[in-house]
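Enquirer: Dropping a structure here in structure tokens format, bear with me for questions.
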Ligand code: G3I
């Protein structure tokens, strides 16, 4: 039913469940998600820092709830994420004396983590974001602790292991700014190299943290085509449309969390002007138009949250910013953007 029902012949339409949606804290949002979407991703609940904060402690509460919700509602359920440089507890890389742990120890930690997490949910997760954000915007391996400790092999090792542990899950590489040719081409070239050596992978997740006019549709289209031409499924992941001016456009600096709040950084604190709501609806319409055009290549389109109230784009990069990037408003009512997307399938 809902939006996902309209797009069911084309691709799954998903959302992310924030931590405040889990554990029965928000039953009305749970039913909204069940009505409107056919895929779910855990926004934070499966990240290493949350699930495995110290070497021998695990906190499965939220992740278990997420997976059970997915099963109960028949969702295409995505695990996010097994190997990422961010939200990592320090113990994985640094020992009690503050010294870097040797490669063998870090590798073992990664292997045990994948075995434990993917193993716990074996058969109940339809796709894993196995590795997240391993490549820089200028097309190099990100010099993360993972890379610095055991080189590029960590990437293929993670995929091999995920396949061994949960053979039925689709395995994905997920990254942002995949519209930058240098980044995308490097990522695809590395994936192809590893595949020739036997690495299992089904698809690439293009995170879509986009703005009202950037990146242009043509750039997104080129990336969808490049991923498909490499023989991989396209997953549009983490979609939302930021309606605020980019902070650095008027701060004159790279995004940093050191900005101080000012009203100038928060132009829509009293509500979204109609003109911008129209632009947002038009942007969503052209995005979904593009996805429909390439439905033969696209397995899933997932928003990064359901209502504007939950979006990480509020309070970012400065606490106090009010954003409107999603298709349901703060009260859970469908916005004009929702209707423009539904309208593509003949619903008004
Ligand atoms: O839950 C804790 C809370 O207990 C603690 O008191 C509070 C104080 O910092 O932090 C809370 O955790 C926050 C968490 O979100 C849950 O709200 C973290 O600080 C905060 O860093 C975390 O932000 C998430 C971010 O990833 C970092 O993990 C965002 O919600 C989430 O939307 C964002 O998602 C990422 C994707 O995973 C990967 N791609 C980019 C995307 C956007 O950054």
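None of the figures in this text is laboratory data; all of them are computed from the coordinates on show. This is a predicted model, so every value here is computed, not measured. FYI the Cβ positions are ideal-geometry reconstructions off the backbone, even for glycines, and counts take in every protein chain you see.
Enquirer: Quick one: go through segment 10-30 and flag any residue whose amide nitrogen is under 17 Å from the point 7 Å out along the Cα-to-Cβ line of residue 292.
Expert: Counting backbone N atoms under 17 Å from the label point, the list is 10-14.
Enquirer: While we're on this one: Restricting attention to the alpha-carbon atoms of the chain, what are Rg (one decimal) and Dmax (integer), both in Å?
Expert: Spelled out, the Cα radius of gyration and Dmax of the chain are 19.8, 63 Å.
Enquirer: Further question on the same structure: Under a 10 Å cutoff between Cα atoms, tell me which one of 14, 123, 70 has the largest fluctuation in the Gaussian network model of the chain.
Expert: 123
Enquirer: Take the chain, connect every pair of alpha-carbon atoms lying under 10 Å apart with a spring to form a Gaussian network, then pick out the residue of 293, 335, 313 with the largest mean-square fluctuation.
Expert: Judging by the Gaussian network model, the answer is 293.
Enquirer: Can you tell me how much longer the chain between residue 230 and residue 20 gets when fully stretched, taken as 0.36 nm per residue apart minus their C-alpha distance, in nm with one decimal? Could the numbers behind the result be given before it?
Expert: Details: separation 210, 0.36 × 210 = 75.60 nm, distance 3.77 nm.
The span from residue 230 to residue 20 would gain 71.8 nm if fully extended.
Enquirer: Here's another thing I want to ask about it. Suppose each label sits 7 Å from its Cα in the direction of the beta carbon; what would the residue 262-residue 96 distance come out to in nanometres?
Expert: That separation, rounded to one decimal, is 4.9 nm.
Enquirer: Relative to the longest principal axis of the C-alpha atoms of the chain, give the angle of the C-alpha long axis of helix 217-229, reported between 0 and 90° and rounded to the nearest 10°.
Expert: It is inclined by approximately 40 degrees.
Enquirer: Once the cut-off is 26 Å, how many percent of the Cα-Cα pairs in segment 49-185 end up in the long-distance tail?
Expert: Numbers: 2361 of 9316 pairs.
Tail fraction, whole percent: 25.
Enquirer: What distance in nm separates the simple spin-label points at residue 276 and residue 195, each placed 7 Å from Cα in the Cβ direction?
Expert: Each label point is offset 7 Å from its Cα along the Cβ direction, giving 4.1 nm.
Enquirer: Moving on. How much length would be gained if the chain were fully extended between residue 111 and residue 153, taking 0.36 nm per residue of separation minus their Cα-Cα distance, in nm to one decimal?
Expert: Taking 0.36 nm per residue and subtracting the Cα distance, the gain is 13.9 nm.
Enquirer: May I ask for the angle, rounded to the nearest 10°, between helix 103-120 and the longest principal axis of the chain, with both axes built from Cα atoms and the value confined to 0 to 90°?
Expert: So the inclination is approximately 60 degrees.
Enquirer: For the chain, modelled as a Gaussian network with Cα springs under 10 Å, which listed residue fluctuates most, 300, 283, 120?
Expert: 120
Enquirer: Hey, another quick one. Please find the FRET efficiency linking residue 49 to residue 211, where r is the Cβ-Cβ separation and R0 is fixed at 35 Å, and quote it to the nearest 0.05. Numbers along the way, then the final one.
Expert: Details: r = 28 Å, r/R0 = 0.80.
Given R0 = 35 Å and the Cβ-Cβ separation, E is 0.80.
Enquirer: Using alpha-carbon positions, what is the distance between the centroids of segment 1-57 and segment 283-348, in Å?
Expert: 15
Enquirer: Also, I was wondering about something else. Based solely on its DSSP helices, what 222 nm [θ] is calculated for the chain when runs of n ≥ 4 H residues each add -39,500 (n - 2.57) and the sum is averaged over all residues, nearest 500 deg cm²/dmol? Present the calculation step by step, with values, prior to reporting the outcome.
Expert: Numbers: 12 runs with 130 residues, N = 348.
It comes out at -11500 deg cm²/dmol, rounded to the nearest 500.
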